[in-house]
Amino acid sequence: MANLTRRAMLGTSGGLIAGGLLKTKADAISFADNESENTIQDQDPTKVLGRLTSEVGQRAPEEQPRRLVRNPNVSHSSSSRTPLHQLQGIITPADLHFERHHAGIPTIAPDQYELLIHGMVDRPMKFTLSDLKRFPSVSKLYFIECSGNGGSSYNKNASREVDPQQMDGLTSTSEWTGVPLSTLLQEVGVQKGATWLMAEGGDAAVMARSIPIEKAWDDAMIGYGQNGEAIRPEQGYPARLLLPGWEGNASVKWIRRIEVKDQPTMTRDETSKYTDPLKDGTARQFSFTIDAKSAITFPAYPYALTEPGWWEIQGIAWSGRGRITKVDISTDGGETWNESKLHGPVLSKCHTRFTYPWNWDGKETLLMSRATDETGYVQPALSTLMEARGEGTSYHYNSIRPWKIEEDGRVYFGQGETS
Ligand SMILES: Nc1nc2c(c(=O)[nH]1)N[C@H]1C(S)=C(S)[C@@H](COP(=O)(O)O)O[C@H]1N2
Ligand SMILES: [Mo]
């Protein structure tokens, strides 16, 4: 990489660096760049030229948030979790969006891609990616949450050493761009008596789910864009179904077929899985809607508060039913509750950021957050949820999550401390 003398730098008024000067060897100060091993931290950044422009940006070397991968290299049925505690605002950077794949990430050539819509329709049709992009588009911010998210909170004796990423990292928010599914259904002409759709993916799992057709007339979309660029392969490239506010599983990725029907299909993915056993031996099936939930992402394990005084409690809240209307905070283990500040935009079926200023007195305590959505639904205590569902359920865990602050400032998951 080019070197530049200090004298040359200082002597070059008007900011013009001639090509000849760049070749000077003596007294070298390197440009700040990726490859050089100079100790750029020791240098005054106003006295050395900055790194050059590049075609693709990069994170600061000191800021390298990572997804937490389960079963790396072991199983194609795997997941990775968003580092919720390292993010700001509400948008998840696309490369940190959580992943859940039942059989790995397929490679699909965009020019080979087709979406077939058939069944109880007047005109069965295949749509290529460019066909999809010709329809009037919409861009909306929505969260996706896996219905298995939060499993480690559904346990009275949960581990104390679990962080927000491990606990709740199977949810992320992106701005999704695509075509409303209703537009495509109008195009094919849905026949009278049609009540369900069967949506099928083109991955090795051929994942398939039955969807009530009302969701298509409401807000379902076929997404091909994510945070301003093409949807990532991990998120369903080149196109996926998006069912805002519904359990992530039903948002079929790599979507290749939609069959219009007058009954649910009872696919493997909705019978062997994604049906919630209840304590009386029955089960909830087609439990699509994500209930209101909130999670404090700071302070949380493994953080340690360094001293008593003012700290900003931060977190996110979301509901599959609509907008979050408030998030109450308790800093005394649920004795008293106060409203936090919601940071706009507060969008329907989207993560909402909340903050609450807290003056820690240095004593042991429990922090909790409790979300309410626009339908009046209030996030339940664990005991309430267990009462309703029993202990053997495996999906839709949205109980209040307490964080225990110890006298030395250390923070642990505080489930065991609550009644
Ligand atoms: N075709 C297909 N679609 C799929 C899956 C899959 O394995 N195959 N996983 C589902 C599950 S369980 C979830 S939670 C979401 C995850 O979406 P994401 O990986 O974009 O976060 O995709 C759903 N859609
Ligand atoms: Mo999922």
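A short reminder: the numbers here are calculations on the coordinates, not readings from a lab. Note that the structure is a prediction, hence the values are computed from the model and not measured. Backbone-built Cβ (ideal geometry, glycine too); neighbour counts: all protein chains shown.
General observations
- Think of the chain as having a plus end and a minus end, set by charges on the Cβ of Lys, Arg, Asp and Glu; of 368, 77, 386, 77 sits farthest toward the positive end of this dipole.
- Short-range pairs are left out: with C-alpha atoms under 8 Å and at least six residues apart, the relative contact order of the chain is 14 percent.
- Value in Å of the Kirkwood radius, where the range 110-283 supplies the Cα pairs that are averaged: 17.1
- When the charge dipole of the range 110-283 is built from unit charges on Cβ atoms (+1 for Lys and Arg, -1 for Asp and Glu) and taken about the Cα centre, the candidate among 206, 238, 223 whose Cα reaches farthest toward its positive end is 206.
- Pairs of Cα atoms farther than 33 Å apart, the chain, %: 44
- Lys, Arg +1 and Asp, Glu -1 on Cβ, resulting dipole of the chain about Cα centre, debye, nearest 20: 920
- Each part reduced to its alpha carbon centroid, the range 103-130 and the range 56-94 end up 29 Å apart.
- Kirkwood Rh in Å, taken over all unlike Cα pairs in the range 293-417: 14.9
- Amide hydrogen proximity for residue 116: with H placed 1.01 Å from N in the peptide plane, the residues at 5 or more positions away or on another chain lying under 5 Å are 127, 257, 258.
- Fluctuation leader among 330, 294, 54 - the chain, Gaussian network, Cα springs under 10 angstrom: 54
- 3J(HN,Hα) from dihedral phi, the range 227-241, Karplus parametrisation 6.51/-1.76/1.60, rounded to Hz, x for glycine, proline: 6, x, 9, 4, 4, 6, x, 5, 9, x, 3, x, 7, 9, 7
- Note that the range 173-182 has calculated 3J(HN,Hα) couplings of 10, 10, 8, 9, 10, x, 10, x, 4, 4 Hz, one per residue in order, obtained from phi through the Karplus relation 6.51 cos²θ - 1.76 cosθ + 1.60 (θ = phi - 60°); glycine and proline are x.
- Close amide-amide hydrogen proximity is noted between residue 205 and 103, each under 5 Å apart and 5 or more residues distant or on a separate chain (H modeled in the peptide plane; Pro and chain starts excluded).
- Over 25 Å between alpha carbons, listed pairs 253/341; 140/326; 215/261: 253/341
- Helix-derived mean residue ellipticity, 222 nm - over the chain, DSSP H n ≥ 4, -39500 (n - 2.57), to 500: -2500 deg cm²/dmol
- Straight Cα distances below 16 angstrom link residue 363 to the aspartates and glutamates 307, 332, 335, 406, 407, 408, 417, with same-chain residues fewer than 8 positions distant left out.
- Cα-based reach from residue 279 at 23 Å (exclusive), listing lysines while leaving out same-chain residues under 8 positions away: 156, 293
- Per-residue 3J(HN,Hα) values for the range 302-319, derived from phi via the Karplus relation 6.51 cos²θ - 1.76 cosθ + 1.60 with θ = phi - 60°, read x, 5, 10, 5, 7, 6, x, x, 6, 9, 9, 6, 10, x, 10, 9, 7, 8 Hz in sequence order (x marks Gly and Pro).
- A cut-off of 5 Å between modelled amide H atoms, ignoring neighbours fewer than 5 places along the same chain, links residue 414 with 403, 404.
- Most mobile of 111, 291, 203 in a GNM of the chain (Cα contacts under 10 Å): 111
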